[in-house]
Amino acid sequence: MIILSLGLCRQMVQYILLLGVLATYFSSPSQAVENLFQEHSVRTGVYLKSFPDISRYDMETVMQYWGKEIAQYIGIPIHTHVYTSIALMRNDFDRGKINVILASPLNIINEFDLNQLADGYMAVKQDKVADKLLLVTQKQSGINSIQDCKNKQLMLVENDAIGTMYIDVLMLQAFDKPAKSIFKSIQYAQKSNQLVLNLFFDRTEVIIVYKHFYELANELNPQIKNQTQVIATLDKVPHGLGFFHKKVPSAFREKVLAEFFKLEQTPRGEQLLTVFHAEKLVPASIDNLIAIKQLKQQYKSLASKNSTH
């Protein structure tokens, strides 16, 4: 009987241990995620396709090397992960591997739960809150309005989802058809500065370009300004926005952002901002997505009407 009792005791102990292991297995993942969000480090996920004017090599080099130096200066660990898959980036954000996302406003609107986002930052030039998208043509081309774009050549920057949506909205408004049905051809440039040069040298007839890059080209070559014209404008378009996950403690978020907003005061911070064609970081909130949310809604409404024709 004693031997039997000992055997039963062993089985009971093993059973209890098994229950403990199972309980730990099923409860630890969520707890581990919560613990990650409580860590006092900045783990930024950057969606590479949101920044077509920056190569992957430059992005990784800049964010890793200068980010490390800036981290030492401000005393906060900084890690950067560069993504080409927005789905993977979203998954890592949900489970706390990254606690900050940096992407274009349209990518953020389309792919992330806005209720999970806390305030963050955006890079700007001088005191401008956000950039503008411009529809630019040559003055001597005869393309002086949206209606004049029919059967012309269009050039966009690769992976510029906002520019692509904006030109579709303009064409749907004017012709009840998307851009691909209006333009004779649509070509793509790898960089924004190539757009302006291709227009200037008659390699295309219409471009969509950010005002910052257009003005920069004008400064380098004043003839560009004399020979080109803006026929449509979309205001309040941030190049990219950085948002913390709302589960990151607010005190830590505020501490990090306070340091980020002083980046232009340090040599390395200034160099980092230059890569993003910016001069400083300023506060950003969900409200900075409003203009692009309105553009998306406008596109959906126009596209829906077009599909019923």
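The values are calculated or read from the model by the stated rules, or taken from the named source; none is laboratory data. Nothing here was measured: the structure is a model prediction, and the numbers come from that model. Virtual Cβ from ideal backbone geometry, glycine too; neighbours counted across all protein chains shown.
The residues of the stretch 218-244 that are outside any strand (DSSP E or B), modelled with pLDDT of 95 or more and among the hydrophobic types (A, V, I, L, M, F, W, C) amount to a single one, Ile224.
Mind checking which residues of the stretch 291-309 are among the β-branched types (Val, Ile, Thr) and modelled with pLDDT of 95 or more? Quick ask: steps written out before the conclusion?
Pass one, the stretch 291-309, residues among the β-branched types (Val, Ile, Thr): 292, 308.
Ile292 - this is the single residue of the stretch 291-309 that is among the β-branched types (Val, Ile, Thr) and modelled with pLDDT of 95 or more.
When restricted to residues that are within 18 Å of Gln38 (Cβ to Cβ) and surrounded by 16 or more Cβ atoms within 10 Å (Cβ to Cβ), the stretch 61-96 contains 6. Evaluation of Gly120 against the conditions (1) outside any loop (DSSP other than H, G, I, E, B); (2) under 30 Å from Phe201 (Cα atoms) shows that the sole unmet condition is (2). Among the residues of the stretch 186-194, not a single one is over 23 Å from Leu289 (Cα atoms), basic (Lys, Arg) and at pLDDT 95 or above.
If you go through the stretch 245-269 and keep only what is under 20 Å from the mean Cα position of the chain (by Cα), more than 16 Å from Pro77 (Cβ to Cβ) and assigned to a helix (DSSP H, G or I), you end up with Leu263, Gly269.
Checked against the criteria, Asn99 counts as buried (at least 19 other Cβ atoms within 10 Å of the Cβ) and modelled with pLDDT of 95 or more. Taking the criterion of being under 12 Å from Val46 (Cβ atoms) and of a type outside the set (Ser, Thr, Tyr), would at least one residue in the stretch 65-77 satisfy it? Yes, the stretch 65-77 contains at least one residue that is under 12 Å from Val46 (Cβ atoms) and of a type outside the set (Ser, Thr, Tyr).
Being part of a helix (DSSP H, G or I), over 17 Å from the mean Cα position of the chain (by Cα) and free of Cβ contacts under 8 Å to residues at least 12 places away in the same chain is a condition met by no residue of the stretch 275-288. Residue count for the stretch 237-274 under the criterion of being surrounded by fewer than 19 Cβ atoms within 10 Å (Cβ to Cβ) and either free of Cβ contacts under 8 Å to residues at least 40 places away in the same chain or basic (Lys, Arg) (or both): the result is 13. Do we find a residue being closer than 28 Å to Ile231 by Cα, in a helix (DSSP H, G or I), among the hydroxyl-bearing types (Ser, Thr, Tyr) and in contact (Cβ under 8 Å) with a residue 60 or more places away in the chain anywhere in the stretch 48-61? Within the stretch 48-61, one or more residues are closer than 28 Å to Ile231 by Cα, in a helix (DSSP H, G or I), among the hydroxyl-bearing types (Ser, Thr, Tyr) and in contact (Cβ under 8 Å) with a residue 60 or more places away in the chain.
If only one of Leu88, Leu106, Leu135 is assigned by TED's automatic domain parsing to the domain that holds Leu197 and at pLDDT 95 or above, which one is it? Walk me through it before giving the result.
Numbers: Leu88 fails: assigned by TED's automatic domain parsing to the domain that holds Leu197; Leu106 fails: assigned by TED's automatic domain parsing to the domain that holds Leu197.
Unique residue meeting the criteria: Leu135.
Given the criterion under 28 Å from Lys293 (Cβ atoms) and not hydroxyl-bearing (Ser, Thr, Tyr), identify the matching residue among Leu220, Leu197, Leu170. Walk me through how you get there before you give the answer.
On the way: Leu220 fails: under 28 Å from Lys293 (Cβ atoms); Leu197 fails: under 28 Å from Lys293 (Cβ atoms).
Being under 28 Å from Lys293 (Cβ atoms) and not hydroxyl-bearing (Ser, Thr, Tyr) holds for just one of Leu220, Leu197, Leu170, which is Leu170.
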